[in-house]
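Undergrad: Here it is, the structure, as structure tokens.
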Amino acid sequence: MRLINLLPKARQRELRYDAMLRGLWVFISMSIFSFAMVFLVQLGTKFYLQMEANVFAKEILNLQGQVSQTENSELKTKIKTVNDTVLDFNNLADASPKWSKVVAAFAPLPPEGTRINTMIIDSGRKAINITGRGETRENVIQLYNNILADSENFYNIDYPLENVAKPADITFHFTFFIQDKLLQ
């Protein structure tokens, strides 16, 4: 079946424009209404979240006050104990001599052909006792001269004559003292 519109063409166009205008007004009205609804929902959400944030901020302040009163004193006591322990350790470490500098200063002194068997360091007297073996008398004398020449680090070296009594395969021992600046 076919519909025939007997209205004049101008009137048909006018009716089409009226329908389009009504549709456009409905669309604009719906858009404005939906925009207003979204805007009101967002505004309400913003106010709600601000109120909740204020409530949480007050609760956080209350909790911080409670924590600072009870646990803070315990925590401060623990921190003070740990700090005191570290301070004691640092004071002890500063007060004890630095033996690595002494060993590093002594290490290049023994000449080829000598072997140091023991090195005993007396921190109270700031003295070193060494014992060892030398292949020849000249090696032992060279060790003595090397220690004697290093007066910047060591002083007052003894010279037992039994160290050079034999010409070869000598067991020797020396005692000498450490300069204070080497222990700092």
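Undergrad: Pick from LEU75, LEU43, LEU24 the residue whose mean-square fluctuation is largest in a GNM of the chain, springs joining Cα atoms under 10 Å.
TA: Evaluated over the chain, the most mobile residue of the options is LEU24.
Undergrad: Within the chain, what is the longest stretch that has no GluC sites (Glu not before Pro) placed in a DSSP loop and near at most 10 other beta-carbon atoms within 10 Å?
TA: 1-111
Undergrad: Right, here's the next one. Give me the extension gain from THR85 to SER100: residue separation times 0.36 nm, minus the current Cα-Cα distance, reported in nm with one decimal.
TA: 3.0 nm
Undergrad: Further, regarding this structure: Rounded if a/c is under 1.5, else prolate if a/b beats b/c, else oblate: with a ≥ b ≥ c from the C-alpha gyration tensor eigenvalues square-rooted, which is the stretch 99-183?
TA: In terms of gyration-tensor shape, prolate.
Undergrad: I would also like to ask the following. So, with +1 on the Cβ of K and R and -1 on the Cβ of D and E, and no other charges, what is the size of the charge dipole of the stretch 7-96 about its Cα centre, to the nearest 20 debye?
TA: With Lys and Arg at +1 and Asp and Glu at -1, about 1280 debye.
Undergrad: Could you tell me how many degrees, from 0 to 90 and to the nearest 10, lie between the Cα long axis of helix 9-95 and the main elongation axis, the longest principal axis, of the Cα atoms of the chain?
TA: Orientation of helix 9-95: about 20 degrees from the principal axis.
Undergrad: Across the chain, how many lysine pairs, 8 or more positions apart or on different chains, have C-alpha atoms separated by under 13 Å? Please give the number.
TA: Going through the chain pair by pair, I get 4.
Undergrad: Now, a different point. Principal axes first, then extents: for the Cα atoms of the stretch 142-184, list largest minus smallest coordinate on each axis, whole Å, largest first.
TA: Each principal axis gives a Cα extent; for the stretch 142-184 these are 39, 14, 13 Å.
Undergrad: What 222 nm value per residue comes from the helices of the chain, counting each DSSP H run with n ≥ 4 as -39,500 (n - 2.57) and dividing by all residues, nearest 500 deg cm²/dmol?
TA: -21500 deg cm²/dmol
Undergrad: Placing +1 at every Lys and Arg Cβ and -1 at every Asp and Glu Cβ, with all other atoms neutral, what dipole size does the chain have around its Cα centre, in debye to the nearest 20?
TA: Approximately 2160 debye in magnitude.
Undergrad: A further question on this structure: If exposed means no more than 12 neighbouring beta carbons inside 10 Å and the site is in a DSSP loop, what's the longest run of the chain without any exposed trypsin sites (Lys or Arg not before Pro)?
TA: 3-124
Undergrad: Kirkwood hydrodynamic radius for the chain: how many Å is it when counted over pairs of different Cα atoms?
TA: With all distinct Cα pairs of the chain included, I get 26.5 Å.
No lab work stands behind these numbers, since they all come straight from the coordinates. The structure displayed is predicted, hence computed values, not measured ones. A quick note on method: Cβ atoms are made from the backbone with ideal geometry, for glycine too, and the neighbour counts reach across all protein chains shown.
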